[in-house]
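Written below as structure tokens is the structure these notes are about.
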Amino acid sequence: MLSSEARAVQRKLHQTIKRVTHDFQGRWHFNTCIAAVMELVNEIYGAEEAIAAGRIPASLLAELQRNIALLLAPMAPYLAHELWEMTGETCNLLKAPWPKYDPALAAEDEIEIPVQVNGKLRGLVVVPAAATEDQIKEAALADEKCARRLPASSW
């Protein structure tokens with residue numbers, strides 16, 4: 001079982017693989033591919049404390065390093081080759097298979113939903129990704145800012 005920090009980094013990795021694959025194969029948008037990899041690297045920097053404390057397993061860190069090199073290969077081949085060698089890989093980077101993402105690992109556990117009353121943003125509620133409409137309404141009514149603006153009887 002992964003820690004919450006490790007799960008967040010793993011989720012970001014699979015979301016990045018999905019985004020880069022879509023942007024590169026379907027649209028040839030190199031700039032958004034690089035931006036997605038930069039977001040992943042920033043997520044890793046944000047988890048430095050968890051990495052130092054050992055809450056993120058070494059196997060996940062190795063997977064991150066390997067996949068970052070693979071994702072950069074089409075846009076920054078020389079850098080990707082250097083990173084590939086630094087990870088200890090002995091096979092040719094150009095012959096390595098493109099990384100695949102797992103939709104279950106890329107899925108968010110919780111989502112943030114903006115709540116508007118009379119066309120104005122009154123709050124943000126965090127609910128499970130699979131929340132029903134009734135659960136979302138409950139969360140909105142439980143939010144102090146939203147409940148002040150709208151009596152529960154009007155729902």
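The values are calculated or read from the model by the stated rules, or taken from the named source; none is laboratory data. From a predicted model like this one, the values you see are computed outputs, not experimental measurements. With ideal geometry, Cβ positions are generated from the backbone for all residues, glycine too; neighbour counts draw on all protein chains shown. Ligands, DNA and RNA are excluded from the accessible area calculation, which covers all protein heavy atoms including side chains. Shrake-Rupley method; radii C 1.70, N 1.55, O 1.52, S 1.80 Å.
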field: Residues whose placed amide H lies under 5 Å from that of Ile111, excluding near-sequence neighbours
entry: Val127, Ala129
message: Using Cα-Cα distances under 8 Å and only pairs 6 or more residues apart, what relative contact order does the chain have, in percent?
response: 20
message: As a test question: what accessible area, to the nearest 10 Å², does Met86 have when a 1.4 Å probe is rolled over all protein chains in place?
response: 150
Cα-based helix-to-principal-axis angle, 58-72 vs the chain, degrees rounded to 10: 80
message: Could you give the length gained by full extension between Asn92 and Lys137, i.e. 0.36 nm per residue of separation minus their alpha carbon distance, to one decimal place?
response: 10.9 nm
- prompt: Nearest 20 debye, what's the magnitude of the dipole of the chain about its Cα centre given +1 on Lys and Arg Cβ and -1 on Asp and Glu Cβ?
  reply: 440
message: With θ taken as phi - 60° and the coefficients 6.51, -1.76 and 1.60, list the Karplus ³J(HN,Hα) couplings across the range 113-128 in order, rounded to whole Hz; mark glycine and proline as x.
response: 10, x, 10, 10, 10, 6, x, 10, 5, 10, x, 10, 10, 9, 10, x
- line: Where a ≥ b ≥ c are root eigenvalues of the Cα gyration tensor, a/c under 1.5 meaning rounded, otherwise prolate if a/b exceeds b/c and oblate otherwise, the chain counts as prolate
task: Tell me which residues come under 5 Å, amide H to amide H, from Gly123 once H is placed; ignore anything under 5 positions away on its chain.
output: Val115
field: Rounded tilt (10° steps) of 30-46 against the dominant C-alpha axis of the chain
entry: 80
Accessible heavy-atom area order of Arg55, Arg7, Arg149, highest first, probe of 1.4 Å: Arg149, Arg55, Arg7
- prompt: Which shape class, rounded, prolate or oblate, goes with the range 20-92 when its Cα gyration tensor gives a ≥ b ≥ c as root eigenvalues, a/c under 1.5 marks rounded, and past that a/b bigger than b/c marks prolate?
  reply: oblate
- line: Taking Cα atoms, the helix 133-142 axis meets the longest principal axis of the chain at an angle in degrees (rounded to 10) of 70
